[in-house]
Amino acid sequence: MNILLAAFLGVIQAATEFLPVSSTAHLLVFGELLGQSLEDERFRAFVAIIQVGTTISVIAYFRQALWEIVRAVVAGLVARDPLGTADARIGWLIALGTIPAAVAGLLLEKRIESLGNVVIAASLVVWGLVLLLAERFAKHQRTISDVGLRDAIVVGVGQALALVPGTSRSGATITTGMLGGLTREAAARFSFLLSVPITLAAGVYKLVKVLPVLRGRPDWTIATLVGTVVSLAFGYVVIDWLLHWLRTRSTYVFVAWRIAAGIVIAVLVWKGVLPETTSAAPSVAPPGAP
C-alpha cells in the first residue's frame with residue numbers, strides 16, 4: 001500500500017459511498033485488482049478506517065441540520081412534547097429508521113463478512129433493477145417534510161438490507177425512499193441524515209477493533225491517514241454534487257452503472273481474475289451498511 005494508491009482508494013470510497021452504486025463493491029474489487037488481498041488484515045483495517053472519513057463528511061455537510069435536530073429533540077424531551085416540532089419529529093424518525101440495520105448488523109456480522117464477489121455482482125444488478133423500477137414508476141412528489149413513520153420503517157429496512165455487500169447503503173435507502181413517493185433529492189437527503197447514527201457507531205466500533213492492526217506499521221498508518229483525509233474531503237464534494245444532480249436529473253445513469261459493474265465483476269470472477277468468495281471480506285457491521 002503506497003500513498004498514491006491510498007489516495008485513489010480514498011476517492012473511490014468517497015464517490016461510491018454516496019452515489020447509489022455500492023462503495024464496498026468498488027473499494028474491495030479495485031483493491032483486489034490493484035494487488036491488495038482481503039486476507040491481509042492491514043488492508044481490511046484500511047478499508048474500515050477510510051469509511052470513517054466519509055462519515056465525517058456527512059456530519060460536516062449537514063452540521064447545521066443535525067444540530068437543529070439534536071436541539072429540537074432535547075427541547076422536546078424537556079418540554080414533554082417530543083414530537084412538537086418538525087425537527088424533533090425527523091430526529092425520532094431517524095432513530096426509528098436506525099433500528100433495523102443495528103439489529104441486523106449485530107445478529108449477522110459473521111455471515112455478512114463471509115460473502116464475496118459473486119454476491120456483490122448479484123446485488124449490484126438486482127438493486128440496479130429495483131432502482132430502475134423506482135425511477136420509472138414512483139411518483140417523486142413528497143419532500144423531506146413529508147417523511148413519516150412508514151418512510152422511516154421502510155427506508156430503515158432498506159438500510160438493513162444494504163448490509164449485504166454490493167447493495168449500497170445509499171442505493172437501498174434512496175431507492176426505498178423513492179418507492180415511497182419521495183422526490184429524488186428528498187430521498188437522498190433523508191438517506192444521508194439516516195446514515196449518521198449507524199455509520200458513526202460503526203466507525204467507532206471498527207476503529208477500536210482494527211487500529212491495533214496498524215500499530216508498528218508506519219507505512220500502512222500513513223497510507224490509511226491519507227486515504228481517510230481524501231475520502232473526507234472528496235466525500236463532502238460528492239454529497240453537494242449529488243443533491244444538485246437529483247434536483248433536475250434522474251438516476252438512470254446509476255442504474256446503468258450498477259448493472260455494468262455487476263456484469264464486469266461476474267465476468268472477472270468467471271475468468272478467475274477475482275475469487276468467487278472471500279473468508280474475510282470486511283463489512284461495516286455491526287452496526288452499519290456497506
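Each value in this text was obtained by applying a stated rule to the coordinates, not by laboratory testing. All values derive from a computational prediction rather than experimental measurement. Note that we place each Cβ from the backbone using ideal geometry, even for glycine, and neighbour counts take in every protein chain shown.
Side notes on the structure shown:
- Two-site label geometry, GLU276 and PHE137: point separation in nm, points 7 Å out along Cα→Cβ: 3.4
- The chain: angle of helix 41-61 to the longest principal axis, Cα-based, in degrees nearest 10: 30
- Amide H contacts of ARG142 (H built 1.01 Å from N, in plane; Pro and chain starts excluded): LEU182, THR183 sit under 5 Å, all sequence-distant by 5 or more or on other chains.
- Sites LEU225 and VAL126 - FRET efficiency at Förster radius 51 Å, r taken between beta-carbons, to 0.05: 0.90
- Computed from Cα positions, the angle between helix 169-179 and the longest principal axis of the chain comes to roughly 40 degrees.
- To the nearest ten degrees, helix 63-78 and the longest principal axis of the Cα atoms of the chain are 50 degrees apart.
- Theoretical ellipticity at 222 nm over the chain - DSSP helices of four or more residues, -39500 (n - 2.57) apiece, nearest 500: -26000 deg cm²/dmol
- Debye log10 I(q)/I(0) for the range 136-290, one point scatterer per Cα, at q = 0.11, 0.21 Å⁻¹: -0.55, -1.40
- Nitroxide proxy distance, nm - points 7 Å out along Cα→Cβ at ARG215 and THR248: 5.3
- Two-site label geometry, ILE59 and ARG71: point separation in nm, points 7 Å out along Cα→Cβ: 1.9
- Loop sites by DSSP among the trypsin sites (Lys or Arg not before Pro) of the chain, restricted to those with at most 15 other Cβ atoms within 10 angstrom, leave 1-79 as the longest stretch without any of them.
- Additional length obtainable on full extension of the chain from ASP146 to VAL78, 0.36 nm per residue less Cα span: 22.0 nm
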